[in-house]
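First comes the structure, then the notes that go with it.
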Amino acid sequence: MKLDVLKIDGTASGKQVELDDAIFGIEPNDNAIYLDVKQYLAAQRQGTHKTKDRSEVAFSTKKMGRQKGGGGARHGSIKSNIYVGGGNVFGPKPRDYRFKLNKKLKQLARFSALSYKAKENAITMVEPFSMEAPKTKDFIKILENLKAYGRKTLVVLPENSKNIYLSSRNLPEVKVITIDEINTYTLVDANHLVMVDGVQDIIAERRK
């Protein structure tokens with residue numbers, strides 16, 4: 001698949017790049033995408049949820065009434081879950097939600113997400129650029145020139161650029177990451193992908 005490389009003013013630079021079909025042209029695997037996204041979201045969970053059981057509730061341990069002759073059911077502790085303020089039964093406990101996935105599966109998931117973007121013509125290639133100062137207004141203008149503003153957009157840089165990142169920080173529908181931060185969830189979550197020329201070569205090189 002060939003794509004024109006655009007300048008930041010939206011005009012053609014005269015250069016074309018060839019996207020590797022082994023990355024951007026495979027048959028997407030939906031199950032791999034599902035598992036990788038599930039793993040990503042599971043890793044975001046703190047897992048600090050906790051309720052007190054009857055051994056942790058601050059109440060008296062005295063038997064509430066005699067065993068027989070009370071005219072009612074037997075009760076041994078006010079900490080029982082049937083009383084207001086009693087312990088919780090089968091409540092949540094702190095746990096780690098993370099789980100492991102095979103590296104090949106995660107790679108397949110990323111390539112599947114990239115292939116979906118390619119099939120949907122949702123990838124824009126732009127030549128390398130920089131910003132002299134953090135200016136959100138100027139960054140919006142660049143996205144408008146690339147026809148990538150007004151929808152959830154993921155911008156992938158070959159390396160970190162503080163000014164570009166700061167310029168995008170106040171835009172809720174725009175996310176700027178480096179190639180080292182790319183993952184299946186961010187790809188699936190975005191409607192449009194803007195890649196700086198050179199990112200595709202780094203992805204292809206890391207596939208080997």
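Any read-out appearing in this document is the output of simple, stated calculations on the displayed coordinates, not a laboratory observation. Source: prediction; values computed, not measured. Cβ coordinates were reconstructed from backbone atoms using ideal geometry, including for glycine residues, and neighbour counts include every protein chain displayed.
Quick notes on this one:
- Backbone HN-Hα couplings from phi across segment 43-51 [Karplus 6.51/-1.76/1.60, Hz, Gly and Pro as x]: 5, 7, 6, 6, x, 9, 5, 7, 10
- In segment 70-126, taking the dipole from charged Cβ atoms about the Cα centre, the farthest positive-side position among Val89, Ser112, Asn102 is held by Asn102.
- 5 angstrom amide H check on Thr124, placed H, neighbours 5+ away: Leu193, Val194, Met195
- Debye intensity ratio in log₁₀ form over the Cα atoms of segment 97-204, taken at each q of 0.19 Å⁻¹: -0.97
- Dipole of the chain, positive direction: furthest Cα of Pro128, Asn29, Met1, with charges on the beta-carbon: Asn29
- Cut-off under 5 Å, modelled amide H: who pairs with Thr178 long-range: Leu157
- Dipole check for segment 68-111: with +1 at the C-beta of Lys and Arg, -1 at the C-beta of Asp and Glu, and the Cα centre as origin, the magnitude is about 480 Debye.
- Residue of Val194, Val57, Val174 that the Gaussian network model of the chain assigns the largest fluctuation, springs spanning Cα pairs under 10 Å: Val57
- Within straight-line reach of Lys104, meaning a Cα separation under 21 Å, sit the following lysines at least 8 residues removed in sequence or on another chain: Lys38, Lys117, Lys208.
- Segment 165-182 and segment 1-54 have Cα centres lying 14 Å from one another.
- Size descriptor, Kirkwood hydrodynamic radius, that averages inverse alpha-carbon separations across segment 125-187, Å: 12.0
- The order of His75, His49, His192, going from fewest to most other C-beta atoms within 10 Å of their C-beta, is His49, His75, His192.
- Residues whose placed amide H lies under 5 Å from that of Ser77, excluding near-sequence neighbours: Met64
- A DSSP coil position with no more than 16 other Cβ atoms inside 10 Å describes the following chymotrypsin sites (Phe, Trp or Tyr not before Pro) in segment 13-95: Phe59, Tyr83, Phe90.
- In this structure, the residue pairs whose Cα-Cα separation is over 32 Å, taken from Lys103/Lys147; Lys15/Lys152; Lys52/Lys152, are Lys103/Lys147; Lys52/Lys152.
- Karplus-derived 3J(HN,Hα), 6.51/-1.76/1.60, for each residue of segment 179-192, Hz, glycine and proline x: 4, 6, 9, 5, 8, 4, 4, 5, 5, 5, 5, 8, 8, 9
- Under the Karplus curve 6.51 cos²θ - 1.76 cosθ + 1.60, θ = phi - 60°, whole-Hz ³J(HN,Hα) for segment 79-87, x wherever Gly or Pro sits: 6, 4, 5, 7, 9, 4, x, x, x
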